[in-house]
Amino acid sequence: MGNVGSAPMLDKSPGNVSLLTAATYVGGVLYPIAVSIVSLFEPTPDRGVPPTVVPVLAPLSVWLGIAAPDIIVNSSNAANINSDDMREILYHELAHSIHFLKAGDAYWLDEIIFTIQHNGYGNGTENGSGRVQVVESWGYQMGYNMAHLRYGVLHSESDSWLEQAEEELFFEGFIPYGWQHDLIDNANAEEPTGINGLPLSDNVTGITRSDIFNTMGSGTVTVQFQRNEFQTLLPSRGITQANYDALNAGYGL
């Protein structure tokens, strides 16, 4: 499976046993009072896709009562256990943990059920994909940028974590983590081509991570909702409507 992480937030949920037990009722199938925690690991750009759900033998209530995890990290790819690589995973998952505290149990349960049903993120067309975009755009943007703040040019990847944030628009073809990065940054890096076939027009800066986080409550299930929320901030941040629309067009928003 490689080095991957997950943020099921089982300990922080006041009903952690019922949370994951409910998550086993998916697709009309009841998995036996247990679910493979490995199924909750997220796919990552270079670490593969998580395996399908395989029920485990330990009774769920016993296992959770002993050590219910909020964040899980699997470091099975021994050739790539570098400090920056592992920290990026942790930053990503910690970003999810603070999102959970804002969005709440029901929101996170819906995300867990979706992840199990679709063996990961899905393909962007399923009901619930908008919530995946919100959750994972925040995770990837935070993971890459926080890893860059910690390591800068002293990294183990072929490109710095900042360059990786700049080079791509989407993960899995539909999660627009680059959009959040471009709302914040003031870099003049060479931009990729947007989905409109034009070089991405990134003349926007001034939206903050706090602004993004403020939009991520229990009712935020699409990035389009976030786009509309940021609209009200444009005048105070010195962002023109034309520049905002041009950036959004490159992401199809």
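When only the Cβ of Lys, Arg, Asp and Glu is charged (+1, +1, -1, -1), the dipole of region 121-253 relative to its Cα centre reaches about 540 debye. Three semi-axes describe the equivalent ellipsoid of region 121-253; taken as square roots of 5 times the Cα gyration tensor eigenvalues and ordered largest first, they are 21, 18, 16 Å.
Simple rule: put +1 on each Lys or Arg Cβ and -1 on each Asp or Glu Cβ in region 117-253, find the dipole, and look at 217, 235, 118; the Cα lying farthest toward the positive end is 217.
With Cα atoms defining each centre, region 135-161 and region 92-127 are spaced 21 Å apart in the structure.
Bear in mind these aren't lab numbers, they're just calculated from the coordinates by the rules spelled out. The shown structure was predicted, so the numbers you read here are calculated from the model rather than taken from an experiment. Cβ coordinates were reconstructed from backbone atoms using ideal geometry, including for glycine residues, and neighbour counts include every protein chain displayed.
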